[in-house]
Amino acid sequence: MAASFRIAMAVTCALVLASACQGLEVGYYKKTCPRVEAIVRDEVKKFVYKNAGIGAGLIRLIFHDCFVQGCDGSVLLDPTPANPQPEKLSPPNMPSLRGFEVIDAAKDAVEKACPGKVSCADLVAFAARDAAYFLSRFKVKINVPAGRLDGRVSNASEALDNLPPPFFNITQLIDSFAAKGLDAEDMVVLSGAHTVGRSHCSSFVRDRLAVPSDINSWFANILRRKCPANPTPANDRTVNQDIFTPNAFDNQYYKNVLAHKVLFTSDAALITTPATAKMVRDNAYIPGWWEAKFVKAFVKMAAIEVKTGHQGEIRKNCRVVN
Ligand code: HEM
Ligand SMILES: *[C@@H]1O[C@H](CO)[C@@H](O)[C@H](O)[C@H]1NC(C)=O
Ligand SMILES: *[C@@H]1O[C@H](CO)[C@@H](O)[C@H](O)[C@H]1NC(C)=O
């Protein structure tokens with residue numbers, strides 16, 4: 001009974017809008033904090049125009065928030081004596097995840113305008129949306145439904161269990177997204193976010209450079225010059241993910257996948273099945289295709305396991321539970 005209800009809901013959500021099923025709503029703060037989206041956008045703009053990499057960090061931040069305990073700001077919580085190992089300190093997030101200071105700045109500004117009204121989870125979603133907007137030079141415009149509540153649980157081991165690592169193959173990637181209600185195309189389309197930002201050498205040297213792989217040899221040699229052969233935390237340098245247009249939120253990623261000029265096994269995996277390879281080619285070759293698909297997949301990801309009612313709260317400070 002419960003299972004068939006869940007399946008019926010899943011089908012409805014797939015047909016209608018994932019967010020509608022979660023009770024999220026575009027313009028959710030119209031009455032309680034009408035300027036919130038403008039306030040967040042101004043903060044994001046300041047940071048991103050100073051350092052495009054922070055924009056990449058914000059786009060990654062929502063993925064890492066939503067895949068662990070749902071989109072509930074759990075990734076923002078700092079360690080405390082009662083909870084010394086939150087998500088933030090787990091290997092997928094530490095030391096690589098960035099952009100937390102933007103959420104803090106946005107929260108400060110929003111609390112001044114409308115104290116106690118806006119969740120940190122919604123700020124993460126707005127900020128990621130705005131980063132995509134600025135880095136795409138205003139091509140990727142997303143109406144983000146809001147109304148998420150902040151969670152009180154944050155556990156490093158859950159981040160390890162739920163976030164796919166860069167050495168995953170296509171089946172593992174599809175399965176890890178399916179576990180969050182996202183399909184193979186969502187996975188392919190959202191992976192396009194690797195068109196901006198950077199990676200630490202430790203995320204790809206072992207399985208892409210140190211052993212035979214399908215990586216382009218020109219690209220591999222550039223990476224070998226920048227990365228230690230055996231990265232340790234002490235000498236773990238970073239490289240841009242997209243060597244051609246590193247700060248542009250565009251479809252160059254898919255051209256790189258086709259040319260084998262991508263960092264991760266998980267990027268290269270997208271052309272290892274005919275169905276996903278077709279998606280990669282469409283995203284690479286059809287103008288505007290990826291941008292339109294990204295908007296939809298983003299809204300879907302931003303609605304994963306959203307908390308309502310007793311399950312959540314509106315934090316005063318995004319780094320600590322109330
Ligand atoms: C498909 C599975 C995915 C895997 C295996 C994966 C893995 C990774 C890894 C290993 C890094 C580099 C971390 C480091 O070493 O510094 C990274 C960076 C990044 N990822 Fe993903 N990712 C995936 C999906 C996504 C999704 C869905 C998004 C967002 C929509 C995303 C956005 C980003 C961005 C923007 C960066 C650069 C961050 C920065 O420069 O600070 N990734 N990803
Ligand atoms: C975190 O999750 C793991 C695995 O689910 C569990 O064993 C552990 O007790 C949890 N830690 C805390 C502090 O809740
Ligand atoms: C992916 O990896 C899993 C786990 O190692 C393995 O069982 C599976 O056969 C692999 N699939 C593909 C398509 O390589």
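The values are calculated or read from the model by the stated rules, or taken from the named source; none is laboratory data. All of these numbers come straight from a predicted model, not from anything done at the bench. Note that each Cβ is placed from the backbone with ideal geometry, even for glycine, and that neighbours are counted across all protein chains shown. Note: areas computed on protein heavy atoms with side chains; ligands, DNA, RNA excluded. Shrake-Rupley method; radii C 1.70, N 1.55, O 1.52, S 1.80 Å.
Figures for the structure shown
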read-out	value
Rel. contact order, % - alpha carbon contacts under 8 angstrom, at least six apart, the stretch 170-299	31
Carbon + sulfur, % of accessible area of the stretch 96-141 - ligands and nucleic acids excluded, 1.4 Å	50
Net dipole in debye of the chain [+1 Lys, Arg Cβ; -1 Asp, Glu Cβ; about Cα centre; nearest 20]	760
The chain: relative contact order in percent, alpha carbon pairs under 8 Å with at least 6 residues between	25
Positive-end extreme of charge dipole, the chain - chosen from Pro231, Asn51, Val102 (charges on Cβ)	Asn51
Solvent-accessible area of Met279 with every protein chain in place, 1.4 Å probe, in Å² to the nearest 10	40
Dipole magnitude of the stretch 170-299, debye to nearest 20 (Cβ charges: Lys/Arg +1, Asp/Glu -1, about Cα centre)	440
Tail weight of P(r) past 39 Å, computed on alpha-carbon pairs of the chain, percent	10
Surface share of carbon and sulfur [accessible, 1.4 angstrom probe, percent] for the stretch 170-299	56
Accessible area per residue in Å² at 1.4 Å probe, computed on the chain	46
Approximate spin-label separation Asn322-Phe244, in nm, with each point projected 7 Å along Cα-to-Cβ	4.9
Theoretical FRET efficiency, 1/(1+(r/R0)^6), r = Cβ-Cβ of Arg281 and Glu25, R0 35 Å, to 0.05	0.45
Charge-dipole axis of the stretch 207-288 as Lys and Arg at +1 and Asp and Glu at -1 on Cβ define it, positive-most pick from Ile243, Tyr254, Leu270	Ile243
Lysine-lysine proximity count for the stretch 170-299, Cα under 16 Å, sequence distance 8 or more or distinct chains	4
Per-q log10 I(q)/I(0), the stretch 170-299, q = 0.11, 0.17, 0.18 Å⁻¹ (Debye; single scatterer per alpha-carbon; no solvent)	-0.38, -0.89, -0.98
FRET efficiency for Gln311 and Lys141, using Cβ-Cβ distance with R0 set to 30 Å, rounded to 0.05	0.50
Distance between modelled label sites at Ala109 and Val211, nm, 7 Å Cα→Cβ extension	4.6
